[in-house]
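A.B. asks: The structure's right below; bear with me while I get my questions together.
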Amino acid sequence: MAQIFDAPSKALLRSQIAEHIAETEKFDKRKALPEEQPLPEDRYFDRELSWLKFNKRVLEMAEDPEVPLLERANFAGIFASNLDEYFMVRVAGLKRRIDTGIAVTSASGLSPRQQLRSISETAHELQTEHANEAIKHILPELAKEHIVLLSWDKLTSAEQERLSRYYRQQVFPVLTPLAFDPAHPFPYISGGSLNLAVLVENPNSGKTHFARVKVPDNLNRLVPVDDLTDEESREERYGFITMENLIIAHLESLFPGMIIKEARSFRVTRNEDIDVEEDDAENLLNAMEKELLRRRFGPPIRLEISDATSPFLSQLLAHRLRVNEEEIYRLPAPLDMKLMFELQNIDRPDLKNKPFIPTTNRQIATVESSRAQDIFAAIREHDILLHHPYDSFSTSVQAFLAQAAADPKVLAIKQTLYRTSSNSPIIDALVDAAHAGKQVLALVEIKARFDEDANIAWARKLERAGVHVVYGIVGLKTHCKLSLVVRQEADGLRRYCHVVGGQLQPEDRPPVHRSWPADLRPGGRAGSDAPVQPAFRLRTALQLPSTPGRAAHRTQRHHPAHSA
């Protein structure tokens, strides 16, 4: 169940909100001094258009010739992924507010419909620029480095035979073509999936029919061709063909006896914004699960089609999917440039950024050692400030929780979880601690965007292990990451905490997030009796300033006035 504020907390929160509103109104009503100039009406950037400018900067990284080539390809994939989420949430939410009649003019002065028009114009320009950069620059430059995206007619007979065998064995069994005719309704097109729109003609009747073939998303989009390395050459070559081109080359197997007139790729973006009325939901988890089911059937908000698609097929798709002209994006194939992510598996370190090897923070261990360090002893000496990814995650955060789970002197572990990796050592540590009989509490934020399903699965796994799980705070999204460990020591109970922004993931990634520094006020260190606020006083953490990529551990002496 969701955590509810008690009466004193509600009263305190309301008084703080009232004070803030009063101060704001007081400032707004203040009379301007004679020498003051009136503020310009366009002093605010529009929130939605500002995000597109941010993604434009991601695209500029893909266009930067100083960036290693495979990293440029990766940025092209990031741009595409970002834009998908932007349409699924930001644009979808704006459309829904317009449809329900509750949209209001933004702080920038733009009406919702003006925002949508500006978004459409900017997004069309960005997607065209993105496609041109990928197809006219990145892919040709990759080809110069012997990483080639091939078409079926460019393959040799031997390569075609091998790929045909792969198609028959691995691809054909999972394909399900769906026809559209008077006896069959137009098939449902799932959001984000890549599809083939196929026009086939019956040679006996002469009638043309539409069919949809979904490109399987559980197989690699880039199918490797035979090793292209010349026996006399020392340079490795990598050849690929896209899955959709492989399927198009074998459409006769799906439509035997029919004439294939046209086959083009397309994809639909649907409204996947989640809106849960938390105050009316008796159980936030059940309400979220129902909303996740509804997400799959949201209305289309964007249609991407190959620019080679005929007018007839384009009009058919637009009419059946009920999208207007502004929502149609005609782009050169291949569509969905997230396929660029698959190129990162190529073993070409000369085309990637030089890998960075993180080190153990010197305050945890003065020298590198194969032996696990005593994290608690290190924190008792002093507060430790970490900078990820420069300081290793595995020898700091991960070791802190793993040691707490295994330590018989640890009585309780309390943890917030916003996002984590698919194979999380943090989750494993909490499960191990619960199995060892420790009191373990986890606050799992199930409103983490696009990780709702994963977080619900984590929550269920933790509950089965005996962890007490709460699902966030009504009206708030818990984004900070807090760990609190209560340990029995010779001089009484002592609390150790970890405070950080960003995600609790084992990968040491560049510090692209913003996070809270630790509360480093005097008191609470070893040998001090001065009480300090525990890590789970979320209000205190939210009032701290933010600095990039910082985390901290600290220790606190237990005080009866503050529960763990």
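A.B. asks: Six or more apart or on different chains, Cβ under 7 Å: which pairs go from a residue in region 335-363 that's free of Cβ contacts under 8 Å to residues at least 24 places away in the same chain to one that's surrounded by 12 or more Cβ atoms within 10 Å (Cβ to Cβ)? Could you list them?
C.D. replies: Gln363/Ala378; Gln363/His382; Gln363/Ile384
A.B. asks: As an exercise: evaluate Ala107 against (1) touching a helix residue (DSSP H, G or I) at 6+ places or on another chain (Cβ under 9 Å); (2) within 30 Å of Met340 (Cα to Cα) and give the number of the one condition it does not meet.
C.D. replies: Among (1) touching a helix residue (DSSP H, G or I) at 6+ places or on another chain (Cβ under 9 Å); (2) within 30 Å of Met340 (Cα to Cα), the lone unmet condition for Ala107 is (2).
A.B. asks: Given the criterion modelled with pLDDT of 85 or more and open to solvent by 50 Å² or more (accessible area, probe 1.4 Å), identify the matching residue among Gln398, Gln373, Gln403.
C.D. replies: Going through Gln398, Gln373, Gln403 in turn, just one is modelled with pLDDT of 85 or more and open to solvent by 50 Å² or more (accessible area, probe 1.4 Å): Gln398.
A.B. asks: Can you confirm whether region 408-421 contains a residue that is hydroxyl-bearing (Ser, Thr, Tyr) and open to solvent by 30 Å² or more (accessible area, probe 1.4 Å)?
C.D. replies: Residues of region 408-421 that are hydroxyl-bearing (Ser, Thr, Tyr), as a first pass: 416, 418, 420-421.
Cutting the leftovers down to open to solvent by 30 Å² or more (accessible area, probe 1.4 Å) gives us none.
Looking for residues that are hydroxyl-bearing (Ser, Thr, Tyr) and open to solvent by 30 Å² or more (accessible area, probe 1.4 Å), one finds none in region 408-421, hence no.
A.B. asks: I would also like to ask the following. Residues of region 130-156 being among the acidic types (Asp, Glu) and surrounded by fewer than 16 Cβ atoms within 10 Å (Cβ to Cβ), which ones? Can you show your working first?
C.D. replies: Keep residues of region 130-156 that are among the acidic types (Asp, Glu), which gives 133, 141, 145, 153.
Across region 130-156, the qualifying residues are Glu141, Asp153.
A.B. asks: I want to confirm something. Restricting to region 64-77 and keeping residues that are crowded, with 19+ Cβ neighbours inside 10 Å and of a type outside the set (S, T, N, Q), which single residue is farthest from Ser193 (Cα to Cα)?
C.D. replies: Leu69
A.B. asks: If you check Ile119 against the conditions, is it closer than 16 Å to Ser50 by Cβ and either open to solvent by 20 Å² or more (accessible area, probe 1.4 Å) or part of a helix (DSSP H, G or I) (or both)?
C.D. replies: Numbers: closer than 16 Å to Ser50 by Cβ: yes; either open to solvent by 20 Å² or more (accessible area, probe 1.4 Å) or part of a helix (DSSP H, G or I) (or both): yes.
Spelling it out, Ile119 is indeed closer than 16 Å to Ser50 by Cβ and either open to solvent by 20 Å² or more (accessible area, probe 1.4 Å) or part of a helix (DSSP H, G or I) (or both).
A.B. asks: Restricting to region 38-53, give me the number of residues that are open to solvent by 80 Å² or more (accessible area, probe 1.4 Å) and at pLDDT 75 or above. Full working, then the answer.
C.D. replies: Quick first cut of region 38-53, residues open to solvent by 80 Å² or more (accessible area, probe 1.4 Å) only: 38-39, 41-45, 47, 53.
Still in the list and also at pLDDT 75 or above: 44-45, 47, 53.
The total comes to 4.
The values are calculated or read from the model by the stated rules, or taken from the named source; none is laboratory data. Nothing here was measured: the structure is a model prediction, and the numbers come from that model. With ideal geometry, Cβ positions are generated from the backbone for all residues, glycine too; neighbour counts draw on all protein chains shown. Heavy atoms of the whole protein, side chains included, go into the accessibility calculation; ligands, DNA and RNA do not. Shrake-Rupley method; radii C 1.70, N 1.55, O 1.52, S 1.80 Å.
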